[in-house]
Amino acid sequence: MKTAAELFDLKGRVAVITGGAGLLGTRHAEAIASAGGIPVLVDLREEEAARRAADLSARYGVAASGLSADITRPERVEALLAEILKRYNRVDILINNAANNPKQEAPGEVEFSRLESFPLEQWEADLAVGLTGAFLCSRVLGSEMARRGRGVILNIASDLGVIAPDQRIYRRDGVAEELQPVKPVTYSVVKTGLIGLTRYLATYWADKGVRVNALSPGGVYNGQPEDFVQRLSALIPMGRMAGIDELHGAILFLCSDASSYMTGTNVVLDGGRTCW
Ligand SMILES: NC(=O)c1ccc[n+]([C@@H]2O[C@H](COP(=O)([O-])OP(=O)(O)OC[C@H]3O[C@@H](n4cnc5c(N)ncnc54)[C@H](O)[C@@H]3O)[C@@H](O)[C@H]2O)c1
């Protein structure tokens, strides 16, 4: 039997994290590095990705990289794979984490979120990053994993891929009813779609040694306004949002051999919200 350390060991495994310069992408990268894996932070924001990768390399003694790629463009994703193979000659893990992540709770943000006037361009832009980007990265990097007979894909969905948003928590005082902010329709569609993509890829590559799962976190606390935090917390049996490091354990479990018999699953990490 493997020890706990052996089960979760990612030594030498190359893990690509899309949206790696974002709030949670950097944390996923750190979780990987903490188990000896080599995170490759992929983002539109090249300097930020490179800076964060350098910081992880220094702190964990791994050869992390920060690379720029627009994951909505097939040729950029192909070039990304070529660059990763040139640098490391392998790719073991793909975390499809990038998404447009609108913050309705932040005052002044997203005034166009209501369904009746939701712009087609925004719909297309949100699906391009969250769904098409995940499809393209899976197609390109996942095919390379399947060719080598080993790999893991983890799609970052959301509790809102499982339940509908409770739009009451985004309400703002003094705003007319027809202008009240809502979580946009694209968020639900992208996250639900990712769970579908997970099942499709998991069964498609089950005999090729590529495991594919989804992780659906609830809201992560990051200094949101107090009234919003209270309204959201009231919907959660544990009575609070997730701490920023509370995805760490699930990331390691799903990316390592600790979950070697798990594929096609959506792991919901939401303080119990979807039970209610
Ligand atoms: N923050 C939360 O509370 C929460 C909760 C549940 C799920 N999630 C999901 O976790 C993931 C990360 O969330 P976050 O809060 O870190 O978001 P974030 O906005 O901080 O990070 C997203 C990153 O993706 C990058 N990106 C956007 N378009 C891209 C493109 N075309 N190509 C490459 N990179 C691109 C952005 O530059 C950004 O760095 C998202 O999928 C989000 O939906 C977040």
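Within the bounds of the range 9-22, is there any residue that is within 16 Å of the ligand (Cβ to nearest atom), part of a helix (DSSP H, G or I) and surrounded by 18 or more Cβ atoms within 10 Å (Cβ to Cβ)?
no
Which residues, taken from the range 213-266, are away from the ligand (no atom under 16 Å from the Cβ) and among the hydroxyl-bearing types (S, T, Y)?
Passing the criteria: S256, S259, S260, Y261, T263, T265.
Restricting attention to the range 41-59, and to residues there that are open to solvent by less than 100 Å² (accessible area, probe 1.4 Å) and more than 12 Å from the ligand (Cβ to nearest atom), which single residue is farthest from K11 (Cα to Cα)?
Out of the qualifying residues, it is A50.
Can you name every residue in the range 227-251 that is hydrophobic (A, V, I, L, M, F, W, C) and assigned to a helix (DSSP H, G or I)?
Matches in the range 227-251: F228, V229, L232, A250, I251.
Under 6 Å between Cβ atoms, which residue pairs at least 6 apart in sequence (or on different chains) link something in the range 1-26 that is closer than 16 Å to A157 by Cβ with a partner that is open to solvent by less than 50 Å² (accessible area, probe 1.4 Å) and in a loop (DSSP other than H, G, I, E, B)?
So the pair list comes out as I17/N97; T18/I71; T18/N97; T18/A98; G19/N97; G19/A98; G25/G19; G25/N97.
Considering only the range 60-76, state which residues are more than 9 Å from the ligand (Cβ to nearest atom) and either touching a residue at least 24 places away in the same chain (Cβ under 8 Å) or touching a strand residue (DSSP E or B) at 6+ places or on another chain (Cβ under 6 Å) (or both).
Y60, V62, A63, A64, S65, G66, L67, P74
Can you tell me which residues in the range 77-92 are within 20 Å of I156 (Cβ to Cβ) and open to solvent by 50 Å² or more (accessible area, probe 1.4 Å)?
The answer is none; no residue qualifies.
Among the residues of the range 77-92, count how many are more than 14 Å from the ligand (Cβ to nearest atom) and within 18 Å of the chain's Cα centre (by Cα).
2
Suppose we filter I32, I38, I95 for residues that are crowded, with 24+ Cβ neighbours inside 10 Å, within 13 Å of the ligand (Cβ to nearest atom) and at pLDDT 95 or above; which single one remains?
The match here is I95.
Right, L67: crowded, with 23+ Cβ neighbours inside 10 Å, under 15 Å from A98 (Cβ atoms), touching a helix residue (DSSP H, G or I) at 6+ places or on another chain (Cβ under 8 Å) and aliphatic (A, V, I, L, M) or not?
no
If I filter the range 79-101 for residues that are touching a helix residue (DSSP H, G or I) at 6+ places or on another chain (Cβ under 7 Å), farther than 17 Å from G19 by Cα and part of a helix (DSSP H, G or I), do I get at least one hit?
No.
The values are calculated or read from the model by the stated rules, or taken from the named source; none is laboratory data. Being a predicted model, the structure only gives us computed values, none of them experimental. Every residue, glycine among them, receives a Cβ derived from its backbone with ideal geometry; neighbour counts consider all protein chains shown. Side chains are part of the model used for accessible areas, which takes the heavy atoms of the whole protein and leaves out ligands, DNA and RNA. Shrake-Rupley method; radii C 1.70, N 1.55, O 1.52, S 1.80 Å.
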